[in-house]
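The structure under discussion appears below in the form of structure tokens.
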Amino acid sequence: MRYGDKFSVVHHPSRWPKYIMAHRRPRDWLMTISGIVLLFIVAGAVAMGYLVTSHPGKPEPNPGIAEEQAAENGV
């Protein structure tokens, strides 16, 4: 162990600098909230882009469902 390691500031939380959320400026909060909102918008745009590109046109017919409907209708 190096000399002075046990006297490090890490081992004394009372000597840590006080960071209080209430001391943040309104501009800091605006940037934080707008960043979170921007993340949601980007996530929504990516999801919509994926849905549009991976599911084009009308859905493919499912032969199992077509057979069930034909049996129900008595054809």
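The values are calculated or read from the model by the stated rules, or taken from the named source; none is laboratory data. On a predicted model such as this, the values are computed, not experimentally measured, just so you know. Glycine gets a Cβ as well: all are built from the backbone with ideal geometry, and neighbour counts include every protein chain shown. Areas reflect the complete protein model, heavy atoms only, side chains present, ligands, DNA and RNA absent. Shrake-Rupley method; radii C 1.70, N 1.55, O 1.52, S 1.80 Å.
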| FRET efficiency for M31 and S54, Cβ-Cβ distance as r, R0 = 30 Å, nearest 0.05? | 0.30
| query | Label points 7 Å out from Cα along the Cβ direction at H12 and F40: separation in nm? | reply | 4.4 nm
| note | Under the rule rounded for a/c under 1.5, else prolate if a/b exceeds b/c, else oblate, using alpha carbon gyration tensor axes a ≥ b ≥ c, the chain is classed as prolate
| Longest span of the chain, sites excluded, free of trypsin sites (Lys or Arg not before Pro) in DSSP loop with at most 13 other C-beta atoms within 10 Å? | 25-75
| query | For the chain, what % of the accessible area comes from carbon and sulfur atoms, probe 1.4 Å? | reply | 68 percent
| query | Just going by the charge dipole of the chain, with Lys and Arg at +1 and Asp and Glu at -1 on Cβ, which of A47, W16, A70 is farthest out on the positive end? | reply | W16
| Degrees separating the helix 26-54 axis from the principal Cα axis of the chain, which is the longest one | 30 degrees
| field | Förster radius 30 Å - calculated FRET efficiency between A47 and R24, Cβ distance, rounded to 0.05 | value | 0.45
| task | For helix 63-73, report the angle its Cα long axis makes with the longest principal axis of the Cα atoms of the chain; keep it between 0 and 90° and round to the nearest 10°. | result | 50 degrees
| request: Skip the ligands, DNA and RNA, and give the accessible area per residue of the chain with a 1.4 Å probe, whole Å². | output: 100 Å²
| Which value, in debye to the nearest 20, describes the size of the charge dipole of the chain about its Cα centre when Lys and Arg Cβ atoms bear +1, Asp and Glu Cβ atoms bear -1, and nothing else is charged? | 1280 debye
